[in-house]
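*Asks:* This is the structure, below, for whatever I ask next.
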Amino acid sequence: MTTTIPGLVLITGANGGLGSRLVEGLLESGVTNIACHYRSSTNVITKLLEAHGLPAERHLFQAELTDEAEVQAMGQAIADRLGPVWGLVNIAGRSSNSMSWKLSTQEFINIVHANLLSTFLVTREFLPGMREKEGGRIINVSSVIAHTGIAGASHYCAAKAGIEGFTKAVAQEVASKNITVNCLSLGYFNKGIISDVPTAMLDVIKSRVPLKRLGKAEELFPLVNYLLGQGSAFMTGQILHLNGGLY
Ligand SMILES: NC(=O)c1ccc[n+]([C@@H]2O[C@H](COP(=O)([O-])OP(=O)(O)OC[C@H]3O[C@@H](n4cnc5c(N)ncnc54)[C@H](OP(=O)(O)O)[C@@H]3O)[C@@H](O)[C@H]2O)c1
């Protein structure tokens with residue numbers, strides 16, 4: 001697939017199940033102007049970068065994204081090494097499982113921070129550069145369960161719903177600078193956090209999806225590629241649903 005992405009792309013959570021497949025899609029389509037964020041592990045992403053002839057030490061950036069100072073340091077490191085960011089994909093995030101009445105305050109905060117606060121901090125870090133350049137793309141990541149709800153993930157559903165509201169508000173703030181902000185609301189995919197779900201439950205999930213299967217991680221890339229490119233300039237503030245018809 002050819003691409004028309006005109007500047008540096010930053011993928012957060014790039015070593016994760018979906019993040020790494022996005023990076024792979026970009027690399028396969030010839031995009032080398034890429035910054036990959038990771039938190040704890042680099043095993044998948046390092047192999048991918050090196051398989052495409054890119055030195056990991058140039059393209060990898062470490063940060064705990066709930067920590068303001070670490071996000072700022074990452075922003076500075078990316079600017080110094082690779083220059084201004086054109087496209088930001090906020091895909092880092094995580095969940096845990098607990099009924100709301102058993103959920104500790106700290107775990108509620110942890111999940112809201114890992115998804116919503118991190119999206120805010122990273123977005124705020126790179127918006128000034130995009131505003132200065134008068135152009136850019138921000139793609140946030142939400143979940144179908146922000147819309148449907150699900151037992152055992154009230155904190156995650158609340159955080160992902162928050163990302164969608166954040167997306168719509170920021171889209172209005174920066175539209176005059178030709179920066180678009182959209183959000184992918186994902187259904188159930190075959191990589192990443194889904195690996196914690198027991199097989200029996202996966203069968204139930206698949207039976208409820210009209211297309212009767214999980215999304216393939218590689219099915220994310222074409223939409224992200226579109227949103228990062230010049231061709232999506234008139235689309236902003238949107239929540240795009242990718243879920244096999246589930247919602
Ligand atoms: N897979 C699905 O079916 C599905 C469905 C709906 C939405 N999503 C969303 O899609 C995104 C990617 O998920 P995935 O399935 O690919 O999960 P994953 O494999 O667990 O990847 C998530 C990545 O985010 C990073 N991360 C989490 N919290 C972080 C923090 N506080 N600071 C920095 N990095 C952090 C993780 O780093 P570590 O390796 O250090 O933990 C990991 O690299 C998430 O936002 C998730 O909520 C996924």
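The values are calculated or read from the model by the stated rules, or taken from the named source; none is laboratory data. Model, not experiment: these values are computed from the prediction. Glycine also receives a Cβ, built like all others from the backbone with ideal geometry; neighbour counts cover every protein chain displayed. These area figures cover heavy atoms from the full protein model, side chains too; ligands, DNA and RNA do not enter into them. Shrake-Rupley method; radii C 1.70, N 1.55, O 1.52, S 1.80 Å.
*Asks:* Select from region 49-94 the residues that are among the β-branched types (V, I, T), more than 14 Å from H113 (Cβ to Cβ) and either open to solvent by 70 Å² or more (accessible area, probe 1.4 Å) or within 14 Å of the ligand (Cβ to nearest atom) (or both) and list them in ascending order.
*Replies:* Selection gives V89, I91.
*Asks:* Pick from region 206-218 the residues that are open to solvent by less than 20 Å² (accessible area, probe 1.4 Å) and not in a strand (DSSP E or B): which of them is farthest from the ligand (Cβ to nearest atom)?
*Replies:* V209
*Asks:* Against the condition hydroxyl-bearing (S, T, Y) and open to solvent by less than 60 Å² (accessible area, probe 1.4 Å), how does T105 come out, does it pass?
*Replies:* no
*Asks:* Limited to region 95-150, what total is found for residues that are more than 14 Å from the ligand (Cβ to nearest atom), part of a loop (DSSP other than H, G, I, E, B) and in contact (Cβ under 8 Å) with a residue 40 or more places away in the chain?
*Replies:* 5
*Asks:* In region 23-41, what residues are near the ligand (Cβ under 9 Å from one of its atoms) and open to solvent by 20 Å² or more (accessible area, probe 1.4 Å)?
*Replies:* Y38, R39, S40, S41
*Asks:* Right, another one. If S20 satisfies every condition in (1) near the ligand (Cβ under 10 Å from one of its atoms); (2) small (G, A, S); (3) over 27 Å from V112 (Cβ atoms) but one, which is the exception?
*Replies:* Against the list (1) near the ligand (Cβ under 10 Å from one of its atoms); (2) small (G, A, S); (3) over 27 Å from V112 (Cβ atoms), S20 comes up short only on (3).
*Asks:* Of the conditions (1) open to solvent by 40 Å² or more (accessible area, probe 1.4 Å); (2) more than 13 Å from the ligand (Cβ to nearest atom); (3) of a type in the set (A, V, I, L, M), A171 clears all except one; give me its number.
*Replies:* That leaves (1) as the condition not met.
*Asks:* Report, by residue number, each residue of region 177-202 that is more than 8 Å from the ligand (Cβ to nearest atom), touching a helix residue (DSSP H, G or I) at 6+ places or on another chain (Cβ under 6 Å) and part of a helix (DSSP H, G or I).
*Replies:* Passing the criteria: only K177.
*Asks:* Let me ask something additional. If the Cβ limit is 8 Å and pairs must be 6+ apart or interchain, which residue in region 218-247 that is within 19 Å of K168 (Cα to Cα) and without any contact (Cβ under 8 Å) to a residue 40 or more places away in the chain pairs with which residue that is of a type in the set (D, E) and assigned to a loop (DSSP other than H, G, I, E, B)?
*Replies:* Between residues of region 218-247 that are within 19 Å of K168 (Cα to Cα) and without any contact (Cβ under 8 Å) to a residue 40 or more places away in the chain and residues that are of a type in the set (D, E) and assigned to a loop (DSSP other than H, G, I, E, B), there is no close pair.
*Asks:* What strands (runs of 3 or more DSSP E) completely inside region 1-74 contain at least 3 residues that are hydrophobic (A, V, I, L, M, F, W, C) and within 13 Å of L228 (Cβ to Cβ)?
*Replies:* Counting at least 3 such residues, we get 8-11.
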